[in-house]
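Visitor: Once you've had a glance at the structure underneath, I'll fire off some questions.
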Amino acid sequence: MRRKSEPKNHMSCELRAVSVNESVCRAIIGVFLAPENPTATELADIKCAVSEAVTNAIVHGYGAGNEGIVYLGAEIYPDRTVRITVRDKGKGIEDIALARRPLYTTDTSGERSGMGFSVMESFTDRLRVLSRPGAGTRITMYKRLS
Amino acid sequence: MLTRDHVSFDLENGEGILTARLSGEIDHHTARIFREEIDRALLRETPRALTLDFSGVGFMDSSGIGLIVGRLEMAREIGATLTLSGLSQRLCRLLELSGVDRLCGIVISKSTEREDLFHETEIRT
């Protein structure tokens, strides 16, 4: 989605790819969006989508026991569109279409639902996935606030 | 909600019904803690029915779906039923989105549209 206008605010940060930072990322995005007065539902949707993207980066991008950094960025545009980017430099996704399929998971423990991308798609207006095996993954999500 | 201190359990075992009251936030980080505690109680008490009470849960992502499906399988293994209670509309939406309701014969009561009132949900095992 090419945007003509400049963002009126933006933020970016990097966090160690450890699971405790999933809630940290939700908190960061909540604080960043607070001045825009999003509705409770909008905020909950965005937090959930961010949680899924960050979890994917930690669990699938890097995997257990691997060091890495998760990059979280957000921009707010004058038309109240929020663009959120979650990026990792992990192993990447071999088949993005397959990964986005509901209930698909590479996890064998039976404890991952395979619904991460479906949640991101449902709770945002648009989801873009860029990935290269061996290089990493970039998730970009758009949501326009009311 | 950044520490495990915000996750608490209240397990009751009366009439063969085990109730696990979940509170706090359920994500990939905390799901492991819930899973270990619930499974430990399940194997110890071997109840005929397990209820997961979500009324104290302020946030849940798809890790919660994995938690529910995993506990459904655990309950089946010991011959117990699984009931989900205290689900907000938001959590119901996640369940519907994941298709857990269709897969497991979940029953969602939509008696109200108010976010602050909760639905009773039963998974027939």
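The values are calculated or read from the model by the stated rules, or taken from the named source; none is laboratory data. No experiment lies behind these values; they were computed from the predicted model shown. Neighbour counts run over all protein chains shown; Cβ positions are idealised from the backbone, glycine included. Remember, those area values only see protein heavy atoms, side chains included, never the ligands or the DNA or RNA. Shrake-Rupley method; radii C 1.70, N 1.55, O 1.52, S 1.80 Å.
Visitor: Amide H neighbours of A:N9 under 5 Å, counting only residues 5+ apart in sequence or on other chains, H built in-plane at 1.01 Å?
Guide: A:I76
Visitor: Could you give me the ³J(HN,Hα) list for segment B:89-94, computed from phi with Karplus coefficients 6.51, -1.76, 1.60 and θ = phi - 60°, whole Hz, x at Gly and Pro?
Guide: 4, 5, 5, 4, 4, 5
Visitor: Springs between alpha-carbon pairs under 10 angstrom, Gaussian network model over chain A: which of A:C25, A:C13, A:C48 fluctuates most?
Guide: A:C13
Visitor: With all protein chains present and a 1.4 Å probe, how do A:R112, A:R87 order by accessible area, largest first?
Guide: In descending accessible area the options line up as A:R87, A:R112.
Visitor: With a 1.4 Å probe on protein heavy atoms only, work out how much accessible surface B and A bury together, total over both chains, in Å² to the nearest 100. Intermediate values should be presented prior to the final figure.
Guide: Numbers: alone 6850 and 8030 Å², together 12880 Å².
Counting both chains, the buried surface is close to 2000 Å².
Visitor: Solvent-accessible area of B:S23, probe 1.4 Å, all protein chains present, reported in Å² to the nearest ten, please.
Guide: It works out to around 30 Å².
Visitor: Pop out a list of residues from segment B:40-60 that are at least 30 Å² less accessible with all the protein chains around than in their chain alone; 1.4 Å probe, no ligands or nucleic acids counted.
Guide: Residues meeting the cut-off: B:F59.
Visitor: Could I ask something else about it? Once neighbouring chains are kept in place and the probe is 1.4 Å, which whole percent of the accessible area of segment A:1-106 is contributed by carbon and sulfur? Mind dumping the intermediate values first?
Guide: Working: 2750 of 5300 Å².
After summing per-atom areas, the C and S share lands at 52 percent.
Visitor: Please return the longest range in chain A lying between exposed loop sites, taking GluC sites (Glu not before Pro), DSSP loop only, at most 15 other beta-carbon atoms within 10 Å, and leaving the sites out. Walk me through the intermediate numbers first.
Guide: Values: sites that count: A:E67, A:E94.
It runs A:1-66.
Visitor: Can you sort A:K91, A:K47, A:K143 by solvent-accessible area, 1.4 Å probe, largest first?
Guide: A:K91, A:K47, A:K143
Visitor: Could you tell me whether chain A comes out rounded, prolate or oblate from its Cα gyration tensor? Rule is a ≥ b ≥ c as square roots of the eigenvalues, rounded for a/c under 1.5, then prolate if a/b exceeds b/c, otherwise oblate.
Guide: prolate
Visitor: Now, a different point. For chain A, with every protein chain kept in place, what is the accessible area per residue (1.4 Å probe, Å²)?
Guide: The answer is 48 Å² per residue.
Visitor: Using only Cα atoms, find the angle between the long axis of helix A:21-33 and the longest principal axis of chain A, and express it within 0 to 90 degrees, rounded to the nearest 10.
Guide: 10 degrees
Visitor: Between B:G56 and residues 5 or more places away or on another chain, which pairs have amide H atoms under 5 Å apart, with H built 1.01 Å from N, and which residues are they?
Guide: B:L22
Visitor: What is the mean number of Cβ atoms from other protein chains located within 10 Å of the Cβ atom of each residue in peptide B:25-35, rounded to a whole number? Provide the component values of the computation, followed by the final result.
Guide: Numbers: counts 5, 1, 12, 13, 10, 4, 4, 2, 0, 0, 2.
Mean inter-chain Cβ contacts per residue within 10 Å come to 5.
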